[in-house]
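One structure is given below, encoded as structure tokens.
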Amino acid sequence: MALLEVKNITKRFGGLYAVRSLSLEVDPGQIVALIGPNGAGKTTAFNVISGYYRADEGNVYFNQREITNLRPDQICSLGLVRTFQVVRPFQGISVLDNVMVGAYARTFDSKIAREKALEVLKFLDMHKIADQMASGLPIASRKRLEIARALATDPQMILLDETMAGLRPTETEEVIAMVRKLSERGIAILLVEHVMKVVMSLAEKVLVLHHGELIAQGTPAEVVRNQQVIEAYLGEADVAG
């Protein structure tokens, strides 16, 4: 039974469709990738699912409960959380305190929040930088902190928005390993990603958006052979490589 069900969601800005009649499903513990050209509607879809944008049409269900147009904090409290493409940690506090902010989604007790944050940092092998100020972190560590803060909310599912963007190959491998650990923990992942190496190595299912509409879905191997996807997004050179 699907954990997340998105049924025919549509989002318009003026007369333009950013997302049009998009449907998708993600099962518990599954890793699903949402790919497509810039402007295809991927982040807009994330914003609708997570409550940052109101859907003009369609419905979103999480754990068999309708969450369409709930506030982001309400959706988070139900176990669905997201990260952002542009990471913005709280600069003036430590890594640990940043992760505690996520933990406060579940408790008002600072001791419990601290224990949860430390547990998350240890799980993600970030405990050695717990006392560092977020303002001094390099981009790779900021990306990992974004995931840690999301994990501290104790989610069943995380939406990852271009988590690998701007990372070096070794840093990308570290984040791939981190995402695998989340999945092994039973957390479902829906990720927006342009790095096809990441998609091919992580995703069990790939959905392809173009001009706000779903044009293909399937396993990574099936999608990269789809001629419509090649023409709209991948290009012959990428597939050949």
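Bear in mind that the values in this text are calculations on the coordinates, not laboratory data. Everything numeric in this text was worked out from a predicted model, so none of it was measured. Neighbour counts run over all protein chains shown; Cβ positions are idealised from the backbone, glycine included.
Each peptide among 179-187, 90-98 gets the average number of other Cβ atoms lying within 10 Å of its residues, and from highest to lowest they stand as 90-98, 179-187. Computed packing ranks the peptides 113-119, 42-48 as 42-48, 113-119, most packed first, by mean other Cβ atoms within 10 Å.
Note: relative contact order over region 17-140, using C-alpha pairs below 8 Å and six or more positions apart, is 18 percent. Here the simple spin-label model places points 7 Å from the Cα toward Cβ, and for ILE93 and ILE112 these points are separated by 1.7 nm.
3J(HN,Hα) along region 209-222, derived from phi through the Karplus expression 6.51 cos²θ - 1.76 cosθ + 1.60 where θ = phi - 60°, amounts to 9, 8, 6, x, 10, 6, 10, 6, 7, x, 5, x, 5, 5 Hz, with x in place of Gly and Pro.
In this rough spin-label picture, where each label sits 7 Å from Cα along the Cβ direction, the LYS181-MET1 distance is 3.1 nm. Quick check on the exposure proxy: order PHE123, PHE62, PHE13 from fewest to most C-beta atoms within 10 angstrom. The order, fewest Cβ neighbours first, is PHE13, PHE123, PHE62.
Taking 22 Å as the limit for the C-alpha separation, the pairs LYS11/LYS143; LYS42/LYS143; LYS143/LYS181 exceed it in the case of LYS11/LYS143. Per-residue packing, averaged as other Cβ atoms within 10 Å, sorts the ranges 159-166, 128-135 into the order 159-166, 128-135, beginning with the highest. Summary value for region 89-147: 50 percent relative contact order, contacts being C-alpha pairs under 8 angstrom separated by 6+ residues. Ranked by how many other Cβ atoms sit within 10 Å of their own Cβ, fewest first, the residues MET178, MET157 fall in the order MET178, MET157.
Of GLU174, GLU146, the sequence from fewest to most neighbouring Cβ atoms within 10 angstrom is GLU174, GLU146.
Taking the Cα centre of the chain as origin and assigning +1 to Lys and Arg Cβ atoms and -1 to Asp and Glu Cβ atoms, the resulting dipole is close to 520 debye.
A helix-only calculation puts the chain at -10000 deg cm²/dmol for mean residue ellipticity at 222 nm, using -39500 (n - 2.57) for each DSSP H run of at least four residues, averaged over all residues. So, in Å, what gap is there between the alpha-carbon centers of region 83-116 and region 13-68? Cα centroid of region 83-116 versus Cα centroid of region 13-68: 26 Å apart.
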